[in-house]
Amino acid sequence: MTATTNRPSFDLSQPGFRSSFFWMVVIALALRLGVIVIGHTYNFKTADDNFSFGWEMGRIGRSLAEGQGFGNPFEGTTGPTAWEAPLYPFLIAGVFRTFGIYSHASALVLLAVNSVFSSLTCIPIFLIARRCFGWKVATWSAWLWALLPSVLYWCTRWVWETSLATLLLTLIFWRALVFEEKDGMARWLEFGLLWGVAALTNPSLLSFLPISTLWIWYCRGKRGKASVAGIFLSAGIVLLCIAPWTLRNYRVLGRFIPIRSNFGAELRLGNGSGANGLWLDYLHPSKNSHQLQLYRESGEIAYVAARKHEALAYIRADWTRFFVLSFKRFVYFWDGLPATSDSPAFGDLKNAIFLVSSVLAFCGLALALRKRRPAAGLFLGLILAYPAVYYVTFPHPRYRHPIEPELGVLMVYAIAEAMADRDKSPRAAPS
């Protein structure tokens with residue numbers, strides 16, 4: 001990890017429209033709401049009993065709204081579940097109870113809420129980039145997030161926790177970045193609460209928890225500040241946040257399940273006969289009637305255990321094959337999924353853009369490490385830790401979205417450095 005005491009001053013007094021948090025958020029939100037209303041993205045398909053309206057989370061939200069408890073993630077009544085983390089399905093349930101189950105009004109509200117989460121992410125993006133790379137990179141990074149069409153996609157078309165998870169991870173990155181500036185247990189309490197909410201939203205984010213904690217400990221240690229007591233306090237707060245849900249899972253499902261139960265099933269969807277680095281969607285209970293029947297008959301815990309056993313047997317049978325698949329998943333995570341036969345030209349273009357963004361982000365990270373920019377090690381830790389679980393299961397463009405703010409900052413930094421080097425290069429003498 002890298003750090004430097006020569007940090008740029010933290011000054012948000014820059015005047016003008018470009019650095020206004022108010023206008024960033026308002027314009028970003030107006031653009032997102034415009035996409036929802038004009039594009040009718042709230043009009044989800046009604047096929048398969050409205051399954052595309054939130055998929056498993058929508059099903060669980062409906063179950064909660066109908067008073068059947070946190071369960072039934074697939075077709076019909078299948079009983080209690082821990083297939084998904086609890087926070088966002090409860091949000092869906094609250095909206096369903098107020099505006100109607102699978103109604104257009106509920107879709108509008110949920111997509112609007114997602115858009116608020118996405119728009120607010122402009123603020124920590126600006127703060128992160130301003131501290132690490134200066135005001136110019138901060139301004140362009142925040143406005144890029146506000147206006148980029150690929151960013152708008154997930155919050156305006158998917159009823160899922162993606163935008164909330166992205167906001168939470170970006171806030172956590174920012175708090176870790178500035179943690180050393182002040183003392184007091186209140187900051188450790190806040191850090192623990194943020195992580196507790198993040199864990200109950202998307203447990204995959206927890207891969208960054210040890211990285212961010214080590215970063216804080218390292219930076220505070222360089223200033224001679226103690227952190228052990230604070231780390232234990234934050235860890236305790238995280239455990240207190242997830243403990244009620246863990247106890248619920250043990251009481252209802254009969255197993256120690258901290259948050260989600262379905263890792264074994266996800267592992268099987270990426271590793272088994274026919275595996276090619278993508279997810280074997282035809283084996284998912286939402287798409288395969290035989291798998292759904294197995295899920296119903298055996299129950300969620302036994303079903304997931306059986307799928308995990310199958311996946312591990314496949315991996316143990318040929319480790320070389322597993323490493324090849326993991327490498328392919330690494331490529332797909334950063335280059336995008338292979339283009340489909342339905343629209344190969346569009347898919348190739350999308351993948352090219354995806355790859356360019358990854359290359360630019362990696363260039364920005366390399367420059368930041370070489371020039372010992374503030375928090376370069378924190379960026380590196382995030383990029384190494386967060387995607388690791390998807391290298392062993394399966395990738396999807398949505399899975400990368402929670403770290404897109406940090407990748408975007410690195411992209412803008414790389415471009416800004418290239419432009420600065422171009423401006424500094426000697427001009428050719430006129431002939």
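Farthest towards the positive end of the charge dipole of the chain, among the residues Pro402, Ile128, Ser273, is the Cα of Ile128, using unit charges on the Cβ of Lys, Arg, Asp and Glu. To the nearest ten degrees, helix 319-335 and the longest principal axis of the Cα atoms of the chain are 60 degrees apart.
Just check segment 113-208 against the gyration tensor rule for me: Cα atoms, a ≥ b ≥ c as the square roots of the eigenvalues, rounded for a/c under 1.5, and otherwise prolate or oblate depending on whether a/b exceeds b/c. Could the numbers behind the result be given before it?
Numbers: a/c = 2.64, a/b = 1.17, b/c = 2.26.
Judged from the Cα gyration tensor, segment 113-208 comes out oblate (a/c at least 1.5, b/c at or above a/b).
With a/c under 1.5 counting as rounded, go ahead and sort segment 215-277 into rounded, prolate or oblate using the C-alpha gyration tensor (a ≥ b ≥ c being the square roots of the eigenvalues; past the cut-off, prolate if a/b is larger than b/c, else oblate). Don't jump to the answer; show the numbers that get you there.
Details: a/c = 6.61, a/b = 1.61, b/c = 4.11.
Because a/c hits 1.5 or more and a/b fails to exceed b/c, segment 215-277 counts as oblate.
For segment 347-402, trypsin sites (Lys or Arg not before Pro) are listed when DSSP marks them as loop and at most 13 other Cβ atoms sit within 10 Å of their Cβ; the list is Lys371, Arg372.
Kindly identify segment 164-258 as rounded, prolate or oblate by the Cα gyration tensor criterion: order the square roots of the eigenvalues as a ≥ b ≥ c, call it rounded if a/c is under 1.5, otherwise compare a/b with b/c, prolate if a/b is larger, else oblate. Display every interim value, and only then the final one.
Values: a/c = 2.63, a/b = 1.87, b/c = 1.40.
Here segment 164-258 falls in the prolate category.
Can you work out the FRET efficiency for the pair Tyr153 and Ala229, with r the C-beta to C-beta distance and R0 = 60 Å, to the nearest 0.05?
0.90
Over the chain, what relative contact order in percent results from Cα pairs under 8 Å that are six or more residues apart? Computed value for the chain: 19 percent relative contact order.
Under 22 Å of direct C-alpha separation, and excluding same-chain neighbours fewer than eight residues apart, Lys308 reaches these lysines: Lys287, Lys328.
What ranking do Trp217, Trp23 get, fewest neighbouring Cβ atoms within 10 angstrom at the top?
Numbers: Trp217 18, Trp23 15.
Final ranking by Cβ density, sparse to dense: Trp23, Trp217.
The fewest-to-most ranking of Lys222, Lys182 by surrounding Cβ atoms within 10 Å reads Lys182, Lys222. Think of each Lys and Arg Cβ as +1 and each Asp and Glu Cβ as -1; about the Cα centre, that makes the dipole of the chain roughly 1160 debye. Looking at segment 54-136, the GluC sites (Glu not before Pro) that sit in a DSSP loop and have at most 14 other Cβ atoms within 10 Å of their own Cβ are Glu66.
Among Cys241, Cys219, rank each residue by its count of other Cβ atoms within 10 Å, from fewest to most, as a rough exposure measure. Walk me through the numbers on the way to the answer.
Details: Cys241 18, Cys219 23.
Ordered by Cβ neighbours within 10 Å, fewest first: Cys241, Cys219.
None of the figures in this text is laboratory data; all of them are computed from the coordinates on show. Values in this document were obtained by computation on a predicted structure and should not be read as measured data. Note: ideal-geometry Cβ built from the backbone for every residue, glycine included; neighbour counts use all protein chains shown.
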